[in-house]
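Novice: Pasting a structure here, questions to come.
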Amino acid sequence: MLLNTEVVMFPKRSFRFAVRRLGFFAWFVALHALAVLPLARAQATRQFQQAQQTQQPLQQPDQAAPDAGGPGADSGVIALPKKKDVPEDVPPPAPAERKINNPAGMPNYSLRIEVPEVTVDVGVLLEKTHQFVPGLKPENFRVYEDGVEQKVSGFKRVEAPITALLICEFAANSYSFIYDMRNAAFTFANQLRPQDYVAMMTFDMHTQIVTDFTQDKRQLNDAINSLRIPGFNETNVFDALYEGIDRLDRIEGRKYIVLIASGRDTFSKITLDKMLKKVKATQDVTIFTVSTGGAARVMSEGRGGFGGQMREMDYLQADNEMKTFSSLTGGASYFPRFVGEMPDIFQQINQNIRSKYQLVYRPTNVKQDGTFRKLRVELVDAEGHPLRMQDEKQKQLKYDIIARDGYKAKQEVE
């Protein structure tokens, strides 16, 4: 009975032992699989990368950090095209220069022809109001040189900053002359614009530069205000104007001289003939003259007997000289009697200076003989008749043409 019991129990213990051995084997297989799996995955990844490298080289990301910050993984290697050694748009070679054989005994020489150009500034002002007349066209202008009509090749309206020299008479004659000069100079300075360059020079027996070229209106006003006590009673206007033109010759472009003086010359070294030659030879300087002492002259008319008559003749001659200086250069002359006339006068001067028509032509007389050529400018309509202007009431308006009387041709140097 006991034997049967042992025989019956033996198979049950063997089964448990077999199950336990099977569990150890399963655990061993699972651990082995977990150990082999990362190695197999790494080997598969390596084989995949090698397969891609055989088809296309892998682009390495640029690990350099950008200068301004931000992600740097978006920028990769940039492939620059190879620069060609020879560009495609190479111009064809120039043709061989043609060789000309001169006749025997004749050397090589060059011919140079200089065609001069003449520039004429023309101002068109209404006679009554002295207003500038705009809207004119090139066909409205005719230019004559020594009576021969010239073909206008260039035309434009000029309105630009000015470069001016203010020449003032400051002599110990009469306070009324100094009073008029100071008022005229102050009025001119107050109408300047920020882009204008102005210098000031005074004269009696000698000339003196009060202020150099400046754009500061306050500096110019201080210079005028400093003129208190004059030195001499002589008025050498020819010497002062001659020196002023020489100083402006060193400056390029269009220049202007505003001469505020009585016009009487008493002790100049420069004669009137030499002064007129200097004015005629100056092509890019325009002179405007403003007379002083008008009220004092009117009050002294008819007084002083023979001496008073001689003084009146001197002033009349001075007025004529001032007109000549301005007309030869295309400027204008003004002879005020009252201080209240100064603002209108300098407003007309500013408008005349800033608004002009510039005509350019090549003269038919190409000789460079240094002679003086007379100029004349006319205004015509579309049919060639003298131009007529009318206002809103169909009333005819008179106008003045302001231009220089002529110019001096260049002298050919032999």
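Novice: For the stretch 253-267, check the following and say yes or no: at least one residue is out of contact with any strand residue (DSSP E or B) (no Cβ under 9 Å at 6 or more places or on another chain) and either surrounded by fewer than 20 Cβ atoms within 10 Å (Cβ to Cβ) or not assigned by TED's automatic domain parsing to the domain that holds Tyr175 (or both).
Specialist: yes
Novice: Also, I was wondering about something else. Looking at Ala199 and the list (1) over 24 Å from the mean Cα position of the chain (by Cα); (2) assigned to a strand (DSSP E or B), which single condition is not satisfied?
Specialist: (1)
Novice: Could you tell me which numbered condition Gly135 fails, if it satisfies all but one of (1) over 27 Å from Gly263 (Cα atoms); (2) assigned to a loop (DSSP other than H, G, I, E, B); (3) in contact (Cβ under 8 Å) with a residue 60 or more places away in the chain?
Specialist: With respect to (1) over 27 Å from Gly263 (Cα atoms); (2) assigned to a loop (DSSP other than H, G, I, E, B); (3) in contact (Cβ under 8 Å) with a residue 60 or more places away in the chain, Gly135 is out only on (3).
Novice: In the stretch 234-272, how many residues are among the β-branched types (Val, Ile, Thr) and in a helix (DSSP H, G or I)?
Specialist: 2
Novice: So Ser300 passes all but one of these: (1) within 36 Å of the chain's Cα centre (by Cα); (2) of a type outside the set (A, V, I, L, M); (3) modelled with pLDDT under 85. Which condition number does it fail?
Specialist: (1) is the only condition that Ser300 fails.
Novice: Please work out which residue is nearest to Glu252 (Cα to Cα), limiting yourself to the stretch 125-173 and to residues that are crowded, with 16+ Cβ neighbours inside 10 Å, aliphatic (A, V, I, L, M) and modelled with pLDDT of 90 or more.
Specialist: Looking at the filtered set, the residue picked out is Ala164.
Novice: Please go through the stretch 212-239 and pick out each residue that is in contact with an Asp or Glu (Cβ under 8 Å, 6 or more places away or on another chain), closer than 30 Å to Pro194 by Cα and not hydrophobic (A, V, I, L, M, F, W, C).
Specialist: Gln215, the sole residue that qualifies.
Novice: Does Met342 meet the test of being in contact (Cβ under 8 Å) with a residue 60 or more places away in the chain, outside the structural domain of Arg404 (by TED's automatic domain parsing) and over 23 Å from Tyr242 (Cβ atoms)?
Specialist: Details: in contact (Cβ under 8 Å) with a residue 60 or more places away in the chain: yes; outside the structural domain of Arg404 (by TED's automatic domain parsing): yes; over 23 Å from Tyr242 (Cβ atoms): yes.
So Met342 passes the test.
Novice: Now a separate question. Could you count how many residues in the stretch 390-405 are over 34 Å from the mean Cα position of the chain (by Cα) and in a strand (DSSP E or B)? Working first, answer last.
Specialist: Taking the stretch 390-405 first, the residues over 34 Å from the mean Cα position of the chain (by Cα) are 390-398.
From the residues that got through so far, the ones that are in a strand (DSSP E or B) too are 390, 396-397.
Total meeting the criteria: 3.
Novice: Find the residue count for the stretch 358-400, including only residues that are under 20 Å from Lys280 (Cβ atoms), modelled with pLDDT of 90 or more and of a type in the set (Val, Ile, Thr).
Specialist: Going through the stretch 358-400 one residue at a time, the tally reaches 1.
Novice: OK, next. Please specify each residue of the stretch 187-196 satisfying the condition of being surrounded by fewer than 16 Cβ atoms within 10 Å (Cβ to Cβ) and assigned to a helix (DSSP H, G or I).
Specialist: Asn190
Novice: Restricting attention to the stretch 356-389, report how many residues are outside any loop (DSSP other than H, G, I, E, B), in contact (Cβ under 8 Å) with a residue 40 or more places away in the chain and of a type outside the set (Asp, Glu).
Specialist: Total meeting the criteria: 15.
The values are calculated or read from the model by the stated rules, or taken from the named source; none is laboratory data. Everything numeric in this text was worked out from a predicted model, so none of it was measured. Counting neighbours? That spans all protein chains shown, and the Cβs are built from the backbone with ideal geometry, glycine included.
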